1. Does Lys88 meet the test of being crowded, with 19+ Cβ neighbours inside 10 Å and either among the polar types (S, T, N, Q) or over 23 Å from the mean Cα position of the chain (by Cα) (or both)?
2. In the stretch 266-311, which residue that is part of a loop (DSSP other than H, G, I, E, B) and closer than 16 Å to Glu98 by Cα is modelled with the lowest pLDDT?
3. Quick one: would you say Thr243 is at pLDDT 95 or above and either under 30 Å from Ala78 (Cβ atoms) or in a loop (DSSP other than H, G, I, E, B) (or both)?
4. Could you check the stretch 228-240 and list, in sequence order, the residues that are out of contact with any Phe, Trp or Tyr (no Cβ under 9 Å at 6 or more places or on another chain) and farther than 18 Å from Pro283 by Cα?
5. So which residues in the stretch 163-178 are touching a residue at least 12 places away in the same chain (Cβ under 8 Å) and crowded, with 16+ Cβ neighbours inside 10 Å?
6. Please count how many residues of the stretch 98-128 are touching a Lys or Arg at 6+ places or on another chain (Cβ under 8 Å) and more than 20 Å from Ser155 (Cβ to Cβ).
7. Could you figure out which of (1) of a type outside the set (Asp, Glu); (2) assigned by TED's automatic domain parsing to the domain that holds Asp49; (3) under 30 Å from Tyr92 (Cβ atoms) isn't true of Asn363?
8. Does Leu51 count as assigned by TED's automatic domain parsing to the domain that holds Leu404 and within 30 Å of Gln324 (Cβ to Cβ)?
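The values are calculated or read from the model by the stated rules, or taken from the named source; none is laboratory data. Keep in mind it's a predicted model, so treat the numbers as computed, not measured. A quick note on method: Cβ atoms are made from the backbone with ideal geometry, for glycine too, and the neighbour counts reach across all protein chains shown.
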Amino acid sequence: MSEVQHLSSEQLIAYEDKYGAHNYHPLPVVLSRGKGVHVWDVEGKQYFDFLSAYSAVNQGHCHPRIVQTVKDQAETLALTSRAFHSDKLGVYEKYVTEYFGFDKVLPMNSGAEGVETAIKICRKWGYEKKGIANGDAKIIVCGQNFHGRTVTIISFSSDPDAKGNFGPYTPGFISIPYNDIDALDAALKEHGSDVAGFLVEPIQGEAGVFVPDSDFISSCAALCREHNVLFIADEIQTGLARTGSLLAICGDCTCEHKCEQQESYTRPDILILGKALSGGAYPVSAVLANDTVMEVIKPGQHGSTYGGNPMACSIAITALEVLQDEHLAQNARDMGNLFRERMQALVDKYDIVSMVRGRGLLNAILINDSPDSSTAWDICVAMANEGLLAKPTHGNIIRFAPPLVITEEQIHECCDIIEKVIKSF
């Protein structure tokens, strides 16, 4: 450890390059510490984190309440497997189902595991409840989606980098354009008797923070009900106050726990959560559904050694308490409105920025250059030099998603940094 503590950023990047698989292309910054909205590199330089570990640290880096829970539970009992009960699992299951208003939860670890779990539940429901012939169940998905990296999930990806040369691919998926209710209607009319579910992100984050029409999600849910198809919401990145509501499917609802404004809430049949469910302190994901759906899963049919372990359960409860106690959904709404105002001023002032879009504190700007150019990357490198970390997606789009604890003063400071860099380009 003494050797590692004295290594420079350049040396540490060289280690990753030599000894690690080259499956990521990170900015040339080596982080060693985080607190709230800030992170520090190994040389001690401070940055604003405007990615939040892809929205996993909504509660801010190293939130003291979450850190204390980690310490307390790690010293008591970390893992039992599901071969035995634990004193934390039932308490967590009661808490999380009441928090979101569902009958049952199936706890998992990563977001991809959550999506895989939802797909399995959906297919099994299709066979056992809807009466689809065995092997014929189909799930409708949207183009430009990002639901994870497993073979099944990348089988219905439209990203050539995510999908290329990983076949043969898992069948059973129908892809339609995102934000196209007519396409969903047509697919359901053509295949409805064999369709078990429709899987969708309420906002496509990895696709560049693509916000659909205001009635798209509710219309999709209505069509699914009409055709006896499960509506599955992937809120792994958009959920847990990120978009200014507890869930992105809540629309303009201001509730910070179980939705009480049903007219604003498009209830999914299956809800997938992850990332900020632990505040970034531990891998925790969850699939929630009511009894009529979840009861198709019986002992031995699905599971995970770590899923629902005592550490995960304790941390998730604290992470959800922090969201509610600190009113982070409200702060995301307010700070997001302010951020988009400042970014729109850049769109109006500088030709290099063509659009700002987003909701709450999940936002993006479109750089007026080809997706194949390095302009967005170069802007992100320049912002890092000025003390703000963000990352391009899809070539010419820069996503901005700071921790939800950010203050108005910090928003203005960060917008000043962004404008300074944009002006220089």
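1. Taking the combined requirement at face value, the residue satisfies it.
2. Arg267
3. Values: at pLDDT 95 or above: yes; either under 30 Å from Ala78 (Cβ atoms) or in a loop (DSSP other than H, G, I, E, B) (or both): yes.
So Thr243 passes the test.
4. Across the stretch 228-240, the qualifying residues are Asn228, Ala233.
5. Passing the criteria: Gly172, Phe173, Ile174, Ser175, Ile176, Tyr178.
6. In the first step, residues of the stretch 98-128 are kept if they are touching a Lys or Arg at 6+ places or on another chain (Cβ under 8 Å); the result is 98-101, 111-112.
The next check asks that each one be more than 20 Å from Ser155 (Cβ to Cβ); those that pass are 98-101.
Final tally of qualifying residues: 4.
7. Of everything listed in (1) of a type outside the set (Asp, Glu); (2) assigned by TED's automatic domain parsing to the domain that holds Asp49; (3) under 30 Å from Tyr92 (Cβ atoms), Asn363 misses just condition (3).
8. Working: assigned by TED's automatic domain parsing to the domain that holds Leu404: yes; within 30 Å of Gln324 (Cβ to Cβ): yes.
Spelling it out, Leu51 is indeed assigned by TED's automatic domain parsing to the domain that holds Leu404 and within 30 Å of Gln324 (Cβ to Cβ).
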